[in-house]
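Shown next, in structure tokens, is the structure this report addresses.
The values are calculated or read from the model by the stated rules, or taken from the named source; none is laboratory data. These figures come from a predicted structure and were not determined experimentally. Cβ sites come from the backbone with ideal geometry, for glycine too, and all protein chains shown count toward neighbours.
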């Protein structure tokens with residue numbers, strides 16, 4: 001699944017780089033994205049020196065060098081492996097709300113060409129958990145409180161040892177900001193995601209499953225494996 005998705009992302013980047021000087025891309029950080037990022041870093045014919053990189057969320061309250069920080073995770077798994085034009089890391093610091101405003105300005109300065117994302121076990125996209133997701137959010141980036149299901153997923157994914165270690169707050173791109181991306185590639189492997197995928201694909205479009213809004217995007221491809229596909233026999 002990761003190799004197939006990476007090949008299609010790489011082709012999208014090659015086409016766009018043939019049409020414009022620079023491509024702007026948003027990346028997701030999660031163990032579920034490791035395979036696609038590894039394959040994408042090895043893709044041939046992508047001029048990474050013309051790709052400007054962003055990421056879609058970041059914990060609040062972790063030390064700058066914490067390995068669980070998404071900017072650091074993406075550094076190890078992608079950002080430091082290819083010669084990107086520029087990487088914009090979310091650095092919450094002592095004023096996360098100001099960081100969110102500043103990051104929104106960077107994002108809103110020009111269209112976002114490509115977004116690589118996943119779906120959480122609670123149906124979230126980025127850190128838009130059901131209690132805080134808004135399909136009509138007026139903001140592009142905001143600070144949110146993470147719900148218990150989301151925090152437990154970080155433990156189950158072996159990112160943190162204990163629930164208490166998972167930060168309670170994060171900065172995230174909002175649902176409208178994600179939906180404004182021109183081309184979305186959504187990778188969702190694993191049996192733990194099957195119920196969320198079923199709700200996203202077959203249920204009502206509602207913030208009870210924020211990922212359900214992806215069905216309204218004109219150019220979003222969702223990649224599933226045998227375990228995550230609710231329609232698999």
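What to note about this one:
- Residue within the range 104-116 that is in contact with a strand residue (DSSP E or B) (Cβ under 9 Å, 6 or more places away or on another chain) and within 26 Å of residue 152 (Cβ to Cβ) present: yes
- The range 76-101, residues that are without any contact (Cβ under 8 Å) to a residue 12 or more places away in the chain and within 16 Å of residue 51 (Cβ to Cβ): 80
- Condition met for residue 184 (in a helix (DSSP H, G or I) and closer than 27 Å to residue 35 by Cβ): no
- In this structure, residue 202 does not qualify as modelled with pLDDT under 95 and either buried (at least 16 other Cβ atoms within 10 Å of the Cβ) or at negative phi (or both).
- Qualifying residue in the range 14-31 (condition: touching a helix residue (DSSP H, G or I) at 6+ places or on another chain (Cβ under 7 Å), surrounded by 15 or more Cβ atoms within 10 Å (Cβ to Cβ) and under 21 Å from residue 167 (Cβ atoms)): yes
- Qualifying positions in the range 57-74 - in contact (Cβ under 8 Å) with a residue 12 or more places away in the chain and on the phi < 0 side of the Ramachandran plot: 57, 58, 59, 60, 62, 64, 68, 70, 71, 73, 74
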